[in-house]
Amino acid sequence: MEVLNHSTWKGFLSSPVSVLILSKTDCQLCDKWFSELENYEIPENVRLGKLLLDSPGLARFKIENEWVSNIDILPFNAIYVDGIVKKQWSGGGIERLQTRLNQILHP
């Protein structure tokens with residue numbers, strides 16, 4: 001899993017398929033989700049990354065992704081295809097992630 005910051009998020013999201021996980025440094029449910037993902041075999045050509053919303057320098061990310069201000073439950077996941085959000089959901093769960101990736105990768 002890639003750890004994203006103010007200078008790497010834009011390139012990450014413009015990948016053919018990327019899974020962005022939004023978190024904060026004090027989010028225990030997020031830590032649990034990241035632990036689950038350690039054993040997850042990421043499908044080929046899919047990038048998986050996390051972005052800590054309380055990191056400095058993310059104003060541009062928040063401006064370009066207005067929907068972020070409406071998030072009330074973390075972790076929050078978004079699947080991007082060529083820079084466009086295709087799926088979004090709160091919480092963890094490998095099965096939930098795999099189901100949504102399958103919908104994107106094998107329509």
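Computing the accessible area with a 1.4 Å probe over protein heavy atoms, can you report the carbon and sulfur percentage for the chain? Don't skip to the end; give the middle numbers.
Working: 3050 of 6230 Å².
The value for the chain is 49 percent carbon and sulfur by accessible area.
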- request: Please build a GNM for the chain, connecting alpha carbons under 10 Å apart, and tell me which residue among Gly92, Gly49, Gly11 fluctuates the most.
  value: Gly11
- prompt: With every protein chain left in place, what is the accessible area of Arg100 in Å² (1.4 Å probe, nearest 10)?
  reply: 60
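Where does the chain land at 222 nm, in deg cm²/dmol rounded to the nearest 500, when only DSSP H runs of n ≥ 4 count, each adding -39500 (n - 2.57), divided by all residues?
On the way: 4 runs with 33 residues, N = 107.
Calculated mean residue ellipticity at 222 nm is -8500 deg cm²/dmol.
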Choice from Val46, Val81, Val68 with maximal GNM fluctuation in the chain (Cα, 10 Å cutoff): Val68
- request: Can you tell me how much longer the chain between Glu44 and Asp31 gets when fully stretched, taken as 0.36 nm per residue apart minus their C-alpha distance, in nm with one decimal?
  value: 2.3 nm
query: So which aspartates and glutamates pass the test for Lys87, namely a Cα distance under 12 Å, with those fewer than 8 places away in the same chain ruled out?
result: none
field: Efficiency of FRET from Cβ geometry, Ser14 and Thr99, R₀ 25 Å, rounded to 0.05
entry: 0.55
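In Å², and per residue, what accessible area does segment 10-89 have when probed at 1.4 Å with the other protein chains present?
Numbers: 4520 Å² over 80 residues.
Solvent-accessible surface per residue comes out at 57 Å².
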- prompt: Given (i) 15.8, 54; (ii) 12.8, 37; (iii) 14.0, 49 as candidate values of Rg and Dmax of the Cα atoms in Å, which corresponds to the one derived from the coordinates?
  reply: (ii)
message: Could you sort Ile79, Ile104 by their accessible area in this structure, using a 1.4 Å probe and putting the largest first?
response: Ile104, Ile79
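Specify whether the C-alpha gyration tensor of segment 7-66 places it in the rounded, prolate or oblate class, a ≥ b ≥ c being the square roots of the eigenvalues: rounded for a/c under 1.5, otherwise prolate if a/b is larger than b/c and oblate if not.
On the way: a/c = 2.80, a/b = 1.13, b/c = 2.47.
Here segment 7-66 falls in the oblate category.
Let me spell out the model: positive unit charges on the Cβ of Lys and Arg, negative unit charges on the Cβ of Asp and Glu, origin at the Cα centre of the chain. What dipole size does that give, in debye rounded to 20? Walk me through the numbers on the way to the answer.
Numbers: 11 positive and 13 negative charges, 53 e Å.
Value, rounded to 20: 260 debye.
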- prompt: Under 22 Å from the Cα of Lys86, which lysines turn up, not counting those fewer than eight places away in the same chain?
  reply: Lys10, Lys50, Lys62
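The values are calculated or read from the model by the stated rules, or taken from the named source; none is laboratory data. Since the model is a prediction, treat every value here as computed from it, not as a measurement. A quick note on method: Cβ atoms are made from the backbone with ideal geometry, for glycine too, and the neighbour counts reach across all protein chains shown. Only protein heavy atoms, including side chains, enter the accessible area calculation; ligands, DNA and RNA are left aside. Shrake-Rupley method; radii C 1.70, N 1.55, O 1.52, S 1.80 Å.
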